[in-house]
Amino acid sequence: MRSTLNYFYDKLAGIYSRNEIQSICFLVMQSICNCTKASLYAAEAVQLTDEQQKRLDSLMERLQNKEPIQYIIGSCQFFDIHLNVNRSVLIPRPETEELVEWILKDNLNKEGSLFDICTGSGCIAITIKKYKPTFIVSALDLSEEAIATAQGNAEKNGCEIRFITDDILAPQKLSDEKYDIIVSNPPYVKEEEKTYMDDNVLNFEPHMALFVPDENPLLFYEAIGRFGLSHLNTGGKLYFEINEALGQETVALLEKQGYQEVTLKKDIFGKDRMVRALL
């Protein structure tokens, strides 16, 4: 396996860090050889068939073009579940895992219903349903392609979730149904922030799920907060993943809308990343 790692280090040097390259190497080889990470660790050398070598060469070209490994192999892991991903959905981030963990711990012994807005791959809704199987879970996204991906992921993980294709900024299909929890990881990156973003995000991940206008960066939070006022049960909770630079502004918005006990929470990197508000 050492020679295979050295091959990846040589081909991807200057594009990814050595730690990232090692992770990519194992993901690629697991996909190509249809084997476990443990078996690769145990192997002194990896012998590929001609067909496997052709596939590796093709994947390496895409990696050198900075295409995310998750899109290349078509899947990723979130918590301990496997999700299919493609260019219609964002690749789930560790920060979103923290948001889900917060919701699960916060509602450990509670039953109820949850609505995931801007669901993308379905990672939040599916994980909540997996760990809280008695919860009634619904999920919404504007993108029909994203909803199809999320539905496939729900079926793959044995989760019964109601999916809705609609625009939360101008909803047409939503009923008067109320929920105990509303959660969203909506678009929150300002257009001006593109300058600081990596090519593997800018060139491959869906901009519709990422960016908001510089002059109105909280438009999704305002719309979802307003929606929550009439669609959360009394004592219901609203959870957001947020732009690290707009934590105080997001808190002020929700307090102005009438939410109580608005809490700003940092992620493992010490950045303002999550908000919880009570109705």
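The values are calculated or read from the model by the stated rules, or taken from the named source; none is laboratory data. Note that the structure is predicted; figures quoted are calculated from it, not measured. Here the Cβ positions follow ideal geometry from the backbone for every residue, glycine too, while neighbour counts run over all protein chains shown. SASA here: full protein model, heavy atoms, side chains in, ligands and nucleic acids out. Shrake-Rupley method; radii C 1.70, N 1.55, O 1.52, S 1.80 Å.
Listed values, structure above:
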item: Within the chain: Cβ-based charge dipole about Cα centre, in debye rounded to nearest 20 (Lys, Arg +1; Asp, Glu -1); result: 680
item: Helical mean residue ellipticity (222 nm; -39500 (n - 2.57) per DSSP H run of 4+; nearest 500) of the chain; result: -12500 deg cm²/dmol
item: 14 Å cut-off, amide nitrogen to a point 7 angstrom out along Arg62 Cα→Cβ, residues in the range 195-209; result: 204-205
item: Under 5 Å, built H, 5+ apart or other chain: amide partners of Gly236; result: Leu279
item: Under-5 Å amide H pairs with Asn185, H placed in peptide plane, nonlocal only; result: Ile117, Glu241
item: Residue-level accessible surface for Thr195, protein heavy atoms, 1.4 Å, Å²; result: 110
item: GNM top mover of Asn19, Asn65, Asn86 - the chain, alpha-carbon springs below 10 Å; result: Asn19
item: Hits among lysines - C-alpha to C-alpha of Lys178 under 23 Å, sequence gap 8 or more where chains match; result: Lys105, Lys110, Lys129, Lys130, Lys132, Lys237, Lys256
item: DSSP loop GluC sites (Glu not before Pro) with at most 13 other Cβ within 10 Å excluded, longest remaining stretch of the chain; result: 45-110
item: Residue order for Tyr239, Tyr131 - accessible surface, 1.4 angstrom probe, largest first; result: Tyr131, Tyr239
item: Accessible area in the full protein assembly, largest first, 1.4 Å probe, for Arg87, Arg93; result: Arg87, Arg93
item: ³J(HN,Hα), Karplus 6.51/-1.76/1.60, whole Hz, each residue of the range 64-71, x for Gly, Pro; result: 5, 8, 6, 6, x, 4, 4, 6
item: Answer label, with Rg/Rh (Cα atoms, Kirkwood Rh) calculated from the coordinates and candidates [x] 1.01; [y] 1.08; [z] 0.95; result: [x]
item: Straight-distance crosslink candidates among aspartates and glutamates, where the alpha carbon sits under 20 Å from Lys265 and sequence neighbours closer than 8 are dropped; result: Glu95, Glu97, Glu98, Glu101, Asp106, Asp116, Glu222, Glu241, Glu244, Glu249, Glu255
item: Within the range 52-160: Cβ-based charge dipole about Cα centre, in debye rounded to nearest 20 (Lys, Arg +1; Asp, Glu -1); result: 280
item: Which of His82, His207 is most accessible, then next, and so on - probe 1.4 Å; result: His82, His207
item: Between helix 2-12 and the chain: long-axis angle, C-alpha atoms, 0 to 90°, nearest 10; result: 60
item: 19 Å Cα-Cα reach of Lys54 towards aspartates and glutamates, excluding residues that sit fewer than 8 places from it in its own chain; result: Asp10, Glu67
item: Separation in nanometres of the label points that stand 7 Å from Cα toward Cβ, at Ala252 and Ala42; result: 5.9
item: Principal-axis tilt of helix 18-33 within the chain, Cα atoms, nearest 10 degrees; result: 80
item: Magnitude of the charge dipole, the range 154-279, Cβ model with Lys/Arg +1 and Asp/Glu -1, debye to 20; result: 480
item: Potential extension, Cys35-Glu160 segment - 0.36 nm per residue separation minus Cα distance; result: 42.0 nm
item: Over the chain, relative contact order from alpha-carbon pairs under 8 Å, at least 6 apart, %; result: 14
item: Farthest toward positive dipole pole in the range 119-235 [+1 Lys/Arg, -1 Asp/Glu at C-beta], among Gln172, Gln151, Leu219; result: Gln151
item: Computed accessible area, Lys194, all protein chains, 1.4 angstrom probe, square angstrom; result: 60
